[in-house]
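The values are calculated or read from the model by the stated rules, or taken from the named source; none is laboratory data. The model shown is predicted, which means the values in this text are computed figures rather than measured ones. Cβ coordinates were reconstructed from backbone atoms using ideal geometry, including for glycine residues, and neighbour counts include every protein chain displayed. Note: accessible area is taken over every heavy atom of the protein model, side chains too, but ligands, DNA and RNA are not part of it. Shrake-Rupley method; radii C 1.70, N 1.55, O 1.52, S 1.80 Å.
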Amino acid sequence: MLDFPQWRRIWLWGLTLVACLAAVPSFFALTGQDYPDPLKATYDQSVNLGLDLAGGSHILLEAERSQVAAQRLETMEESVTAEMRRADPRIRIGDVSRRDGRLSFMIENPVDVDRARDLIEPLTTGAGLTGQRDWTIRVVDGQRMILTPTEAGMDMAVNNAMETAVEVVRKRIDALGTREPTIIRQGDNRIVVQVPGLQDPGELKALLGQTASLEFKLVDVEASAADTQAGIARPGSQILPGAPGSDYEGATLAVRRLGGIKGDTLTDARQSFDPQTNEPVVNITFDSSGGQRFAKLTRENVNRPFAIILDDQVLSAPNINEPILGGTAQISGGFTVESANNLAISLRSGALPVDLAIVEERTVGPDLGQDSIESGILAMGIGSLLVILLMVVTYGRFGMYSTVALAINVVMILGIMAILNTTLTLPGIAGFVLTIGAAVDANVLINERIREERKRGRRVVAAVENGYKEASRAIYDANVTNFIAGVLLFLFGSGPVRGFAVVLVIGLFTSVFTAVVLTRMWVAMWLRKKRPSDLHI
Amino acid sequence: MKLLKLVPDDTNIKFLKYRIPFYVVSVLLIVASWALVATNGLNYGVDFAGGQEVRATFTESAEAPVAEVRETVGSLGYGSPVVQRFGEPNQVSIRVRLPDEVAEDKEAAQRIANEVVGSLESEFSDFRLDGNDNVSGKVSGEFFTQAQLALLVAMLAIALYIWIRFEWQFGVGALFALFHDVSLTLGMFAIFQMEFNLTTIAAILAIIGYSLNDTIVVYDRIRENLKKYRKMPIPELLDLSVNETLARTVMTSLTLLVALLPLLLFGPEALFGLTAAIFLGIFVGTYSSVYMAAPILIWLGVDSHSFVPEETELDRQEKAARHLG
């Protein structure tokens, strides 16, 4: 047990040195000092600071699966009606319903059923690995066709929507010019956004909360004012509320459900001012196909009003005085400069395929974080001093060994955290302090055992040897059980609490290494050199 | 230099003599803790209850206008907020629990937070937002389930491990000691109405970890002594084992306490709850290792036959090793 050949000593010292050196950049980062450039060139991996220490915002966004389902139904209805209208000869359908999450409609002439099926089948695609389609097509009573979305198809649609959403979120945050945002998909329908060093997350939240789905739909001029007010839509129409701040605020407007166009084919969107009223507006530029569709819509509906709709709220409903052929348009709707600017950013980065709700937000100002680091380091320093004092007063030379081991332990934890690129959080600091208190437990066990063995009359070397051997069992068992608790905390915990678990678990390994292995090497070297006949312990 | 000995040599305290009264009191405490949790309830923070917590500084004031803040936020109609000093005298934390009516609305927490901050900004010119936590009812519900699961799985996994390493009685004993620790910690949170949140779960798991350290050290010594003193009556053997490890138990608890004390006194305000819980938990955990984990072995029928099959083989190895050494 006390035999440490030279190669083993070199190996142990080398390991210690590497882990400690790895902590150097993190040390500079934590104390807020500049890391010298020559060192930066050789090694510059520092432990990440959690948002509770670095300051910043953590935002959890969630999409609703049911919304994706509703959108798919609507898109399918549009495609089916378009296909049937385009068929030659035209296939007449009626009694279209989207109830119970299914699209069902009557084919007026039963002989058309097979032809309709042939046209609709290409609208579905494969989903999943089993050769399933994303919709099933069923015909009942010889005339009614029912399209049902499959589970695999829904999964695929949600997945696609979330992938697009992550991209859109990334573009929007990049437009804010913040530094190093983290945007990660979580689970089926969530996105985690972490933006460090942000003082006011208001603008960020405004950007993320806006779906920015822009639509142009014709106003249903035949709808009666009373029905519109009561929220009753005529067949083929829908009632939409006015956007806050616009002329329609608090009012409603009836628009034609189909036949409009979507503003998702933009090449540019800029905040600007209306030359006449000096009101903040957003100027948009369509791409060529979008421009053509916009031109067609305006050409066919001159002198009729059309509604500009953002996220299902009416911004304005101007009259089409003449066809707009240039592929550009101006959107007004009671904007402030800031909201117009946000809308421009959102439109440029594309619409979110689904609404994202902020279901969790945690923001910490940068000052608060720095204060926490400082007071945490202070507490850690005082705590270490007290532990060192207690150990040295109780175990003399053996206590010294444990305190040196303790110091190395703390540095090693930081070093390994840097190497593994983990995150130090506020509870993580508590984890450090707890580790400082607990790491010496191994030494206490060993030293108490050596005392006992001496008391029983064993000779020095045998007492030390037995002390390490007999104590190891309990140390091993205790560390394994703590490891179980730490891992579970990591698995079930979230955010800052995970940081606590990381420090605890890494601390278990380094504690055993420093408190058991390193001290044993030092004790062995001392025994060999001095060959003491008695132990002062 | 004379070295410090916290526990004198040859200490022989009859810990187990009063095991029955101690057990009765402890079981009553466990029952009382759960009764308190049931009646008083736990003061759930936003992590578990949903809602929002704002931390703010009144930059121009020497002291935060706590009463006015309470009134301003209370007038919004989301119930009475919890306004507490947080750090400096001019810093506060303002907590508004998510009203039950909107627990299902996942954007409610965010909306209420905006309203609270907005009203404070317009009411107090020197209001500076330092940070806020908004948790929707859905997410807080998930946190709650996860936390319960983490505690349950941790306790079972640990008991299983000890069963494998020792005997089933030891596994049950350790599990009971952990149950005692968790119960009393919850009881403390219920009495003092300390905020119960995600970091509290971290604290409880840390307490479990360190209470277990103690239990394992005592159990390890019991195992050793069971092999060594075949004829010794069990209560006496347990007493001996606890006494032999007493110096270590006291020393380790002490180092933990002195390490944590500065964190409690000078550490970041946000860590106070976590540290306080662990600090108190160390007392509970140390007590339970001596008075809960050890005596229960008598009732579970541990005797000199425990570890026998394992022992003969170990014995042989040890003897062989001794001959060689």
I need the per residue convex hull volume for the stretch B:51-135, using only the alpha carbons, in cubic angstrom as a whole number. 72
Once Rh is set to the Kirkwood radius over Cα pairs, what Stokes-Einstein translational diffusion coefficient, in µm²/s, holds for the stretch A:284-336 at a temperature of 10 °C and a viscosity of 1.306 mPa s? 136
Kirkwood estimate for the stretch B:11-58, i.e. one over the average of 1/r between Cα atoms, Å: 14.7
Within chain A, what whole-number % of the accessible surface is contributed by carbon and sulfur, with the 1.4 Å probe and all protein chains included in the calculation? 54
Percent of Cα pairs exceeding the 19 Å cut-off, where the set is the stretch B:1-117: 66
Normalising by the residue count of chain B, find the relative contact order in percent from Cα pairs under 8 Å and 6+ residues apart. 23
What's the local net charge at B:A203, with K and R +1, D and E -1, over the other residues with C-beta under 15 Å away? -2
Rounded to two decimals, the Rg over Rh value of the stretch A:209-363 from Cα coordinates and the Kirkwood Rh reads 0.97
How large is log10 I(q)/I(0) at q = 0.11, 0.14, 0.23, 0.25 Å⁻¹ when the Debye formula is applied to the Cα atoms of the stretch A:10-108, each weighted equally and without solvent? -0.59, -0.73, -1.16, -1.24
Overall Cα dimensions of the stretch A:105-179 - principal axes, largest extent first, Å: 62, 28, 16
Quote the FRET efficiency, to the nearest 0.05, computed for A:L378 versus A:T267 with a Förster distance R0 of 60 Å and r equal to the Cβ-Cβ distance. 0.60
Would you mind listing how long chain B runs along its three principal axes, going by Cα atoms, in whole Å with the largest first? 83, 52, 41
Rg/Rh over Cα atoms for the protein assembly as shown, Kirkwood Rh, comes to 1.09
Nearest 10 degrees, 0 to 90: what angle lies between the long axis of helix A:6-21 and the longest principal axis of chain A (Cα atoms)? 40
Hey, can you list the DSSP H helices of chain B whose Cα span along the axis is 18 Å or longer and whose average Kyte-Doolittle score is at least -0.5? B:19-39, B:108-123, B:137-165, B:168-192, B:198-228, B:246-266, B:272-288
Excluding A:S289 itself, what net charge comes from residues whose Cβ is under 13 Å from its Cβ, given Lys and Arg +1 and Asp and Glu -1? +1
From Cα coordinates alone, what are the radius of gyration and Dmax values for the stretch A:65-154 in angstrom? 12.8, 38
Chain A, relative contact order in percent, only Cα pairs under 8 angstrom and at least six apart counted: 19
Beyond 12 Å, what share of the Cα-Cα pairs of the stretch A:408-470 remains, rounded to the nearest whole percent? 72
One quarter of the C-alpha convex hull surface, i.e. the mean projected area of the stretch A:395-537 in nm², amounts to 8.4
The extension gain from A:R234 to A:K469, computed as 0.36 nm times the residue separation minus the Cα-Cα distance, is 75.9 nm
Using only protein heavy atoms and a 1.4 angstrom probe, determine the accessible area buried between A and B, summed over both sides, in Å² to the nearest 100. 6400
What is the ratio of the Cα radius of gyration of the stretch B:179-288 to 2.2 N^0.38 Å, with N the residue count, to two decimals? 1.25
Computed over the Cα atoms, what is the radius of gyration of the stretch A:296-419 divided by 2.2 N^0.38 Å, N being its residue count? 2.34
Can you give me the three principal axis dimensions of the stretch A:254-344 from its C-alpha atoms, in Å, biggest first? 34, 29, 26
Relative contact order for the stretch B:51-135 using alpha-carbon pairs under 8 Å, separation at least 6, rounded to a whole percent? 46
